[in-house]
Amino acid sequence: QVQLVESGGGLVQAGGSLRLSCAASGSILSINAMGWYRQAPGKQRELVAVIISGGRINYTNSVKGRFTISRDNAKNTVYLQMNSLKPEDTAVYYCNADVLRPFGLGPYDYWGQGTQVTVSS
């Protein structure tokens with residue numbers, strides 16, 4: 001099994017910053033991609049940022065220049081530094097990992113439990 005544990009959400013005023021972390025553990029051979037999604041009330045879950053094993057990074061347009069995704073491969077951990085936060089960034093943020101498991105299993109898609117980010121105006 002594989003577990004993703006997120007931390008770092010909370011309440012912040014507009015213009016403030018938060019840093020999210022997500023650590024993957026369990027039966028992992030390698031991780032192809034790790035990323036962050038978010039879901040606001042009444043809306044569909046959307047991709048925020050993803051970092052692929054070769055180092056390629058993609059951001060959704062609304063966070064470009066404000067959010068930075070990074071990854072520590074040795075720790076199977078992905079981070080999301082969020083600056084200049086806006087009320088519209090309010091959502092539950094979910095970590096996602098595309099995992100190869102030992103003995104040729106996978107890749108499988110895993111999700112964290114979600115962490116609430118609330119930005120007040």
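The values are calculated or read from the model by the stated rules, or taken from the named source; none is laboratory data. What you are looking at is a predicted structure, and each value in this text was computed from that prediction instead of being measured. Positions of Cβ are backbone-derived with ideal geometry, glycine not excepted, and every protein chain shown enters the neighbour counts. For accessibility, only protein heavy atoms count, side chains too; no ligands or nucleic acids. Shrake-Rupley method; radii C 1.70, N 1.55, O 1.52, S 1.80 Å.
See the values below:
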item	result
Net charge contributed by nearby residues that have their C-beta within less than 15 Å of residue 41 (K/R +1, D/E -1)	0
For residue 90, residues with placed amide H under 5 Å, excluding near neighbours	119
Those aspartates and glutamates that a straight Cα-Cα span of less than 17 Å connects to residue 64, excepting residues fewer than 8 apart in one chain	46, 88, 89
Spatially proximal aspartates and glutamates relative to residue 75 (Cα-Cα < 16 Å; intrachain offsets below 8 disregarded)	6, 98
Environment charge at residue 71 (Cβ cut-off 15 Å; Lys +1, Arg +1, Asp -1, Glu -1)	0
Solvent accessible area, Å² - residue 67, 1.4 Å probe, full protein context	10
Probe 1.4 Å, accessible area per residue of the chain, Å²	52
Most fluctuating residue given options 23, 91, 74, as computed from a GNM of the chain linking Cα atoms under 10 Å	74
